[in-house]
Amino acid sequence: MSRVLPRRLVVLLTASLALVLMAMAFSVPSASATGFCGGSRVNNINKCFGAARVFTIVQGHGNETSVCVGYNEFVGPCSGGPNRNVEWNLGSAANRSPSIIGNASAFTIAFGETF
């Protein structure tokens, strides 16, 4: 009888640990923003790239002109004007380099974020 209780305790603890590990493995990661190119000067010729990372959404804005966001060599949607945010939901998470480029020949101070 004394050997049964410790065995049950070990089985219970092992099952509990496995359940906790499975819950952690299948949990949804939190959507926290990671900035890139903050305060960079860009225009329609000078593009700024952020470090490669895993993300689903890229967004940004420019202080003086409109900007367009993208990733790797792809340019996506553009904002509607200065200080207006633009967001591109790529639909799936993948490792890529976020980018932001001005939408005019004049320079603007650009800020980008990924989620």
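A few points about this structure:
- For the stretch 85-115, taking the residues that are of a type in the set (A, V, I, L, M) and within 13 Å of Gly62 (Cα to Cα), the one that is surrounded by the fewest Cβ atoms within 10 Å (Cβ to Cβ) is identified as Ala106.
- Qualifying residues in the stretch 51-84 (those that are over 16 Å from Thr34 (Cα atoms) and among the hydrophobic types (A, V, I, L, M, F, W, C)) - the one surrounded by the most Cβ atoms within 10 Å (Cβ to Cβ): Val67
Coordinate-derived values only; no laboratory data. Predicted model, so just to flag it, every value in this text is computed and none were measured. We place every Cβ from the backbone using ideal geometry, glycine too, and count neighbours over all the protein chains shown.
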